[in-house]
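The values are calculated or read from the model by the stated rules, or taken from the named source; none is laboratory data. Everything quoted here is computed from the prediction, not taken from an experiment. No Cβ is skipped: glycine too gets one built from the backbone with ideal geometry, and neighbour counts run over all protein chains shown.
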Amino acid sequence: MLEKELTEIVLKEKDIIPFLQSLNDKDKRSLVPFIKKFRKKINETYIVEEKAGWGTYNKNEFKYSEKKRDLVDMACFVCFNKTDIKRAIFNIANLSVSDEYLKKIIPWYVPKWFEEVVNKGNPWELNYDKMMQLFKQGLINPSNGLIIRRLPIWIIERKWENNIADLYKPERLLKYEETLKDHIWLLFEEDSEINNQYAYLNTGNHTGGRDLWIETIISLVTEKRLDRQRVLIATIYTSTKGFNKSLSGWFFDLLIKLNPSIEEILSLQDELFSVLNSPHSKLINTVLKYFKQLASNEKFKFKAFIDNSSIILNSETKSVVNSTLMILDKIAKTHETIRVEICIKASEALINLDEKIQSRAAKLIVKYGDPQNSTITDEVSLYTDNLFHSTKELLKDYSNFEEEVQETEHYAESLKILSEENKITELESLDDLIFFVSQSIDNNEVYHIDLLLSYLPKLNLLLNSDNVSKLEPVFKRALDLSMFRNSNSQIGQLESDAAFYINDFAKLLLKKYPDKLSDFNKYRDTKIQNLLETGYDKTSIKLSLEEIEKHPIHDFIYHIHYSLFVKSKILIRKNLSVGFLCTPTHEPCWIDPEILLNRIIKYENSSESIDLYDFQLAFGRMPLYPDNKEFISKIDLIKDLEIRNIFKYHFDEINIRSVKINRPDLWLQSVLSKNNEDEINYFQDQFNYKLIKESGQYNWTCQLGDYIFKSYDHSKRKLVDKTGTKIELRFKDFYTEEVKKKSVVSSIAGVFRKKRMPNKISSIYEYMHFDISKYYVVIWDNDETKFLNLSPNNPSSFLSHVIHHNLKESTFFDETGKKNMTNLLKGLYEIWYRADYKESTYLFLACGLLCSEKVARELAGELWIKANSENNMNNVILGKTIGKLQYGPYAPFKRFTDLISANLFNVSKLHNNSLLIVINNMFSEMNETPIRGLKKLLELYHELLLKFPETKLNNRSKEKFGKWSETKSLKPVIQKILNISLKNEGS
Amino acid sequence: MSETLSYIYDSRSSLERIKGAENLLLSKFNEVEKGNSPCFFWGKLKNPYEISRCLITLSNIVQSSFNLSPFQLALLKDPIVTAGNNQIRFEGFSHCAGVYARVDILENGQDGEFIENGTTNVDFNTPLISELSKIKKNDELVLSIGQQEVGFHKEGESFIERKVPLPSKWIKGLTTVQHYFSESEYAYTISRVQAIQLFKTIPSGKVKTDYYLIKRGNKYLFSPMSSKTSLSIGGIHRLKLLQPLIPLINELKIYPHKDMQAASFILCFDELNFIFSVSRDYWRGFSGEGAALETLIEDLPESLVQAFDNYSFSNQEFNPALMSFEEGIDISKIEKLSSKLSAMGLLGYDLAKNGFFYRRLPFKLSRILSLNPRLKGAEKLLENDKVQIIYNQDNKIEAKVDGSGIQHYVLLKEGKQKCTCTWFSKNQGERGACKHILAVKKKLKS
């Protein structure tokens, strides 16, 4: 009956209020299920096709009028409980405080949930005035949260119509007694919008600053409407409320504007001490400014200040530390009895790596301390390692600084390239191989794909009808991965490719053991069916199931691995266990020469021919200086004379000129690995072929140059090419030869073919580059280290491409570029074992030391430290490279000087000397016009020079000093450097 | 949907000035009320400045998150406090459960009365934190855990009800952390100066790559490159939470987990320790780690668990040898028991003392046991008879366990365990056994 009545009222759009008023609680409850359904119906929509200038679009239209929908909402409001109403009406809080509801319903019915919904819903319809009226009527007791949200904007009268300016109306705060008595104080307690600049307002009647609330509070204090002392305390205590930097800073702007007098500051000391624990330096600085005024005052609680000073003396903000030291100085001046305590506190600032701060702390200690006091000298000596030369000079009476930094010791543990610790255990058993294959597509180790290539043919030989079903979960995972490509952020493209390869293996086995792999077969069919039903692209599914040979290759560089996958499949089909020559035997990618030797012999005893890329990869992974040379005598067991000679040449057993080279492509990796300039020239001359891309050896500059960019021309109404200038690292003669993609099958032809192409040496380096036009992401992360490990003896070729694509500027285009950099530096750290790398490797390292990613800079720093410890770093080339890069300058100098101060400085005497060589060589390549940040570098150089005063400056550096000293700020430090140099020359 | 649990505090925690001394009243909530006294501890704290800084840091940790959305972050959670055995311990997790922190007020750090032993949740509200940050060196701080007087809170308005997100994460995390602690080994003690230098080497911003604690000469530093002796720390930016405390410490002790699955630090003050532990990575909460799972499948008689509970409740400490002697139980059983009980949340681990302490979490045991999805998954596999042992000889066990559409292959051999499932392949057992291995092991025990 009621339902029928309600339906009629709504459909005929009659007045619903009398009906709702007539309902008792029971009626309301009984109507709820009906209203829910009815509301759904009244809110039904249909799609209308609308025309627009650019075509048609679909639009949703309600089936019933707005009036009808409103009537149902009213019914909901009166009948629903809290849960139902929140679920039914999205903006119930606004509806509840709308003028219509307040007028038509609230006078005779207030739902139980009304107060909670209004308080929690924060309705924008409700301004502070309306909120207070509801409060006065006893309808709500506004929550603190609601008051805090509504009060800040209340001092502005918004004018929406006719563009009339908004009006600043602070007098509104006087309308209700509660506002100034209670509500305004809440703004000091909880997060609010009080610091909003209200810059968007056009307050016609107020032309002052934009901090309306600061002015408002100041006026209220001046007019004595707010208690000044209470405002001061509340403002100071905002620092303990966990507000963000902006809001906290705003309150302290208010404090500054309140301009507390000395007497007030004295009375508020306890409150001000609590600010010193704030994480925001602006607050601390403000308080320190006040304390500076008090420091000599006898009422200053100096002991409390000293107690609290540890935290601020360790602040990252220099001004905080400086101010603290100044106050401590003033306290010490006035209070003789606590000078020892102050000196001990001041020495805590010696940990700071800023020379001026150290100097200030040291001067304070010298001024008030006593060199005979062991408490002070003990404390000072804690910081010995950290002190600048000038600080040591100041504190020479307080500690014995003669002990130099320790000789390097931490890298005594460094690994040999081939050792028991990094040896990769060779897996043999069926179980081990199954569990290995299962994890091979997870990228748990960088060399797992390499192992997989050898292990799958090996596993194939161990399978039979009893055990093959154990592989089903592996096949399932590979299938899932190949269907959804690279959905896992821990893996690269190569793992996805490996999944195709495992799929092919599964197909082979399915033919052989259909009954034993029926579960997998069923799973695969169901999965495909499900994907098709959910609208997954048919072509993609088909492609995912194709054999690896038919898959498109992502980029040139992937050819190398693809060819190995295909070769591995051939071994499986032929049931061969010869494996690959290039399978690493030691982490991350090295091959034990003896094992390689045995592998070659195994191949020679089989019917299978050696793959060229496999051969090249293997020799590129064979270290030049193995500890154990017993294998040398076994080289003659190799039947092939040329391979035998290459092996001997690789380990300096023969001279390259003494033997005939028939197959330069086999010799290539050993020639590049040995990196002997004379031998490379001989090799190049012999074959009239320059090893440019192979060695990654290019001319480069880092200077201001032109570049072309697209810009929209409004007159032509189209994008046009424009020329701009920027500082860029450029390879002048970068290898740009187009490589025609060979079919994978032809690329794996054996090395023993009869014909050779003239003047061309086929190698993996033909594919070691990227097609920038093809992808947004040039080098996929998680693959880059595997590419680097393709040729660890000669990383320069691959790294030159990374520089060309990712490092033209010191900032990164995207996250992938950053990941590439950190992953590659970690990879390079692992394989770095000599000093004579080509320049591209040093250029990559230099870019690492200067790039915008701090982690990468630290990694590059670690690599430098390790390489120097092992005497494997050419600091002259590195210094020149950094200097040449900074000619641009490639990057802000501060990055490098901060890295030196924090990570590279004082590692050991050896490292300090190496650092001196680096910087000395940098100077010679740098621009005559000094760049920003040069002063800090000169200061560091001076600091190092004091440790090695016998160092000779090279002439080019001296010339630069002459030019740079024309700059006033650089002159003093350059003079200091030249003085040491002069003394040196004089002696 | 994440599980939540409603706390109802008897009253709001507060810090009030009474007769010139600060009174810290911590309101309690307990799901398993064991004693009847409304108050666990009442007394004076000797080192109020350091304690209040530690509690603020703990509160910052509890309010921080390293992998949750701002919405999830907006929901607050509260630390747990344990009073007993003459020590007071406040402990909590970050929202993401990847950072654990505990403030241990040592025996000589307080002067008061332990009216009753117990563990409770504590309401750490903004005004309380604000009051704590006002504490200065020579202030007097009186701590009262629980409620001084019954009836203090008769007014209906003083009840606070708060929905807490994912307390199950906490409970799981708490059990895992104790397990990791017991497997952690002491590595270094470093001085305050060295600690300040060390913490200055934390890179700014969110760090995605692993960092390592290394020693170079006399200096300790965090480096992105590992070495043989370095300690691995994932998500190193989480350590920044400790930065405000470092200038105040006496020394810092470092305890890496034996498999580097966690790194723990003890910040030593006078009469006070601040224990801080970070999970293997910032996106991995302790709650998701399965380190304690295998001990949970250990079937121990209910009577033994009960005997332990009674014994420890009255003694407030757990001395395996003494308990073995007094209760007449085989010592090897007691060792198994201690692992299981810490996994169940009945024992905490004190790194500094290298031993367990009794701390009954304020949650029902059934809740703790029912939380772990891998354990539940394993039990479901067994219920549905999906585990088939195909070989069991010479210390080698092979089993087939039903997976989705295919059968997983599980191998237990020479103390090693392996499975062909995705979880195991990815983690290689580092994050605890998968449900398939757990199911096989449980089946073998039955």
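Restricted to the range B:385-414, and to residues that are away from chain A (no Cβ under 13 Å) and in a strand (DSSP E or B), which residue is farthest from A:Lys527 (Cα to Cα)?
We begin by selecting, within the range B:385-414, every residue away from chain A (no Cβ under 13 Å); these are B:385-387, B:389, B:392-395.
Add one more test, that the residue is in a strand (DSSP E or B), and what stays is B:387, B:389, B:392-393.
Details: B:Val387: 24, B:Ile389: 28, B:Asn392: 34, B:Gln393: 37 Å.
Once the filter is applied, the top-ranked residue is B:Gln393.
How many residues, within the range B:217-226, are closer than 16 Å to A:Lys826 by Cβ and within 7 Å of chain A (Cβ to nearest Cβ)?
Quick first cut of the range B:217-226, residues closer than 16 Å to A:Lys826 by Cβ only: B:222-226.
Among the residues that remain, those that are also within 7 Å of chain A (Cβ to nearest Cβ) are: B:223-225.
Within the range B:217-226, residues that are closer than 16 Å to A:Lys826 by Cβ and within 7 Å of chain A (Cβ to nearest Cβ) number 3.
Would you call A:Phe273 surrounded by 20 or more Cβ atoms within 10 Å (Cβ to Cβ), part of a helix (DSSP H, G or I) and more than 14 Å from chain B (Cβ to nearest Cβ)?
Values: surrounded by 20 or more Cβ atoms within 10 Å (Cβ to Cβ): yes; part of a helix (DSSP H, G or I): yes; more than 14 Å from chain B (Cβ to nearest Cβ): no.
Criteria not met by A:Phe273.
Looking for something at pLDDT 90 or above and either touching a helix residue (DSSP H, G or I) at 6+ places or on another chain (Cβ under 7 Å) or under 27 Å from A:Leu139 (Cα atoms) (or both) - is there at least one such residue anywhere in the range A:44-56? Working first, answer last.
Applying the first criterion (at pLDDT 90 or above) to the range A:44-56 yields A:44.
With the extra rule that they be either touching a helix residue (DSSP H, G or I) at 6+ places or on another chain (Cβ under 7 Å) or under 27 Å from A:Leu139 (Cα atoms) (or both), the set shrinks to none.
Scanning the range A:44-56 turns up no residue that is at pLDDT 90 or above and either touching a helix residue (DSSP H, G or I) at 6+ places or on another chain (Cβ under 7 Å) or under 27 Å from A:Leu139 (Cα atoms) (or both).
Hey, could you check the range A:469-484 for residues that are away from chain B (no Cβ under 11 Å) and surrounded by fewer than 21 Cβ atoms within 10 Å (Cβ to Cβ) and say which is modelled with the lowest pLDDT?
My answer is A:Phe484.
What about A:Leu20, is it in a helix (DSSP H, G or I), touching a residue at least 60 places away in the same chain (Cβ under 8 Å) and surrounded by 11 or more Cβ atoms within 10 Å (Cβ to Cβ)? Don't jump to the end; show me each part of the working.
Numbers: in a helix (DSSP H, G or I): yes; touching a residue at least 60 places away in the same chain (Cβ under 8 Å): yes; surrounded by 11 or more Cβ atoms within 10 Å (Cβ to Cβ): yes.
Yes; evaluated as a whole, the condition is true for this residue.
Residue-wise test of (1) farther than 16 Å from A:Asp385 by Cβ; (2) within 9 Å of another protein chain (Cβ to nearest Cβ); (3) in a helix (DSSP H, G or I).
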| residue | (1), (2), (3) |
| --- | --- |
| B:Val193 | no, yes, yes |
| B:Leu198 | no, no, yes |
| B:Gly205 | yes, yes, no |
| B:Lys208 | yes, yes, no |
| B:Leu213 | yes, no, no |
| B:Lys228 | yes, yes, no |
| B:Ser232 | yes, no, no |
| B:Arg238 | yes, no, yes |
| B:Pro244 | yes, yes, no |
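Within the range A:779-829, restricting attention to residues that are of a type in the set (Ser, Thr, Tyr) and within 19 Å of the chain's Cα centre (by Cα), which residue is surrounded by the fewest Cβ atoms within 10 Å (Cβ to Cβ)? Before the answer, list the steps.
Initially, the range A:779-829 is screened for residues of a type in the set (Ser, Thr, Tyr), giving A:785, A:791, A:796-797, A:800, A:810-811, A:816, A:822, A:829.
Still in the running and within 19 Å of the chain's Cα centre (by Cα): A:785, A:810-811, A:816, A:822.
On the way: A:Thr785: 23, A:Ser810: 20, A:Thr811: 11, A:Thr816: 18, A:Thr822: 23.
Across the range A:779-829, the extreme among qualifying residues is A:Thr811.
Residue by residue, here is whether (1) outside the structural domain of A:Leu471 (by TED's automatic domain parsing); (2) within 30 Å of A:Lys416 (Cα to Cα); (3) modelled with pLDDT under 95 holds:
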residue	(1), (2), (3)
A:Asn521	no, no, yes
A:Lys542	no, no, yes
A:Gly579	yes, yes, yes
A:Thr583	yes, yes, no
A:Ile610	yes, yes, yes
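Regarding the range B:75-95, can at least one residue be identified that is at pLDDT 70 or above, hydroxyl-bearing (Ser, Thr, Tyr) and farther than 22 Å from B:Lys134 by Cα?
Taking the range B:75-95 as the starting set, the residues that turn out to be at pLDDT 70 or above are B:79-95.
This time we only want the ones that are hydroxyl-bearing (Ser, Thr, Tyr), so: B:82, B:94.
Now narrow it down to the ones that are farther than 22 Å from B:Lys134 by Cα: B:82, B:94.
The answer is yes; a qualifying residue exists.
Select from the range A:685-724 the residues that are modelled with pLDDT of 85 or more, of a type in the set (Val, Ile, Thr) and assigned to a strand (DSSP E or B) and list them in ascending order.
Within the range A:685-724, A:Thr701, A:Val720, A:Thr723 meet the criteria.
Residues A:Ser496, A:Ser489, A:Ser518, A:Ser465: which one is of a type outside the set (Lys, Arg) and crowded, with 22+ Cβ neighbours inside 10 Å? Even if it seems obvious, please write down each step before you answer.
Numbers: A:Ser489 fails: crowded, with 22+ Cβ neighbours inside 10 Å; A:Ser518 fails: crowded, with 22+ Cβ neighbours inside 10 Å; A:Ser465 fails: crowded, with 22+ Cβ neighbours inside 10 Å.
Only one candidate passes the filter, namely A:Ser496.
Under 7 Å between Cβ atoms, which residue pairs at least 6 apart in sequence (or on different chains) link something in the range B:32-61 that is farther than 18 Å from B:Phe269 by Cα with a partner that is acidic (Asp, Glu) and modelled with pLDDT of 80 or more?
Going by the 7 Å Cβ cut-off, the qualifying pairs are B:Gly43/B:Asp111.
Provide a single number: the residues in the range A:905-924 that are more than 16 Å from A:Phe388 (Cα to Cα) and among the basic types (Lys, Arg).
Selection size over the range A:905-924: 0.
For the range B:329-338, check the following and say yes or no: at least one residue is modelled with pLDDT of 70 or more and within 26 Å of B:Phe274 (Cβ to Cβ).
yes
If we scan the range A:924-931, do we find a residue that is assigned to a helix (DSSP H, G or I) and out of contact with any Ser or Thr (no Cβ under 9 Å at 6 or more places or on another chain)?
Restricting attention to the range A:924-931, the residues satisfying the condition of being assigned to a helix (DSSP H, G or I) are A:924-925.
Subsequent filtering for residues that are out of contact with any Ser or Thr (no Cβ under 9 Å at 6 or more places or on another chain) retains none.
No: the range A:924-931 contains no residue that is assigned to a helix (DSSP H, G or I) and out of contact with any Ser or Thr (no Cβ under 9 Å at 6 or more places or on another chain).
Inspect the range A:698-707 for any residue being without any contact (Cβ under 8 Å) to a residue 60 or more places away in the chain and β-branched (Val, Ile, Thr) and give the result as yes or no. Quick ask: steps written out before the conclusion?
So the first thing to find is which residues in the range A:698-707 are without any contact (Cβ under 8 Å) to a residue 60 or more places away in the chain, and the list is A:699, A:705-707.
Next cut, β-branched (Val, Ile, Thr) only: none.
No - not one qualifying residue is present in the range A:698-707.
In a helix (DSSP H, G or I) and surrounded by fewer than 20 Cβ atoms within 10 Å (Cβ to Cβ): does that describe A:Lys303? Walk me through how you get there before you give the answer.
Working: in a helix (DSSP H, G or I): yes; surrounded by fewer than 20 Cβ atoms within 10 Å (Cβ to Cβ): yes.
Taking the combined requirement at face value, the residue satisfies it.
Quickly run through the range A:594-622 and pick out the residues that are in a loop (DSSP other than H, G, I, E, B) and out of contact with any Pro (no Cβ under 8 Å at 6 or more places or on another chain).
Quick first cut of the range A:594-622, residues in a loop (DSSP other than H, G, I, E, B) only: A:605-610, A:621-622.
Answer for the range A:594-622, where residues must be in a loop (DSSP other than H, G, I, E, B) and out of contact with any Pro (no Cβ under 8 Å at 6 or more places or on another chain): A:Asn605, A:Ser606, A:Ser607, A:Glu608, A:Ser609, A:Ile610.
Based on what the data block shows, is B:Ile171 within 17 Å of the chain's Cα centre (by Cα), at pLDDT below 80 and farther than 21 Å from A:Asp385 by Cβ?
Values: within 17 Å of the chain's Cα centre (by Cα): yes; at pLDDT below 80: yes; farther than 21 Å from A:Asp385 by Cβ: yes.
Yes.
Determine which single condition B:Glu430 fails, assuming it passes every other condition in (1) more than 24 Å from B:Lys258 (Cβ to Cβ); (2) part of a loop (DSSP other than H, G, I, E, B); (3) of a type in the set (D, E, K, R).
It is condition (1) that B:Glu430 fails.
Checking A:Val907 against (1) β-branched (Val, Ile, Thr); (2) touching a Ser or Thr at 6+ places or on another chain (Cβ under 8 Å); (3) outside any loop (DSSP other than H, G, I, E, B), only one condition comes out false. Which one?
(3)
What is the one condition in (1) modelled with pLDDT under 90; (2) of a type in the set (D, E, K, R); (3) within 32 Å of the chain's Cα centre (by Cα) that A:Glu445 does not satisfy?
The number of the failed condition is (1).
Against the definition (of a type in the set (D, E, K, R) and more than 14 Å from chain B (Cβ to nearest Cβ)), how does A:Lys522 come out, yes or no?
Details: of a type in the set (D, E, K, R): yes; more than 14 Å from chain B (Cβ to nearest Cβ): no.
Answer is no for this residue.
If I ask for residues that are within 38 Å of the chain's Cα centre (by Cα) and either surrounded by 13 or more Cβ atoms within 10 Å (Cβ to Cβ) or in a helix (DSSP H, G or I) (or both), which ones from the range A:949-976 would you list? Spell out the reasoning first.
Step one: filter the range A:949-976 for residues within 38 Å of the chain's Cα centre (by Cα), giving A:957, A:960-961, A:964, A:967, A:969-970, A:973-974.
Correct list: A:Ser957, A:Lys960, A:Phe961, A:Trp964, A:Thr967, A:Leu970, A:Val973, A:Ile974.
Filter the range A:276-300 down to residues that are part of a loop (DSSP other than H, G, I, E, B) and within 14 Å of chain B (Cβ to nearest Cβ), then give me how many there are. Spell out the reasoning first.
The initial filter retains those residues of the range A:276-300 that are part of a loop (DSSP other than H, G, I, E, B), namely A:276-280, A:295-300.
Still in the running and within 14 Å of chain B (Cβ to nearest Cβ): A:276-280.
Counting residues in the range A:276-300 that are part of a loop (DSSP other than H, G, I, E, B) and within 14 Å of chain B (Cβ to nearest Cβ) gives 5.
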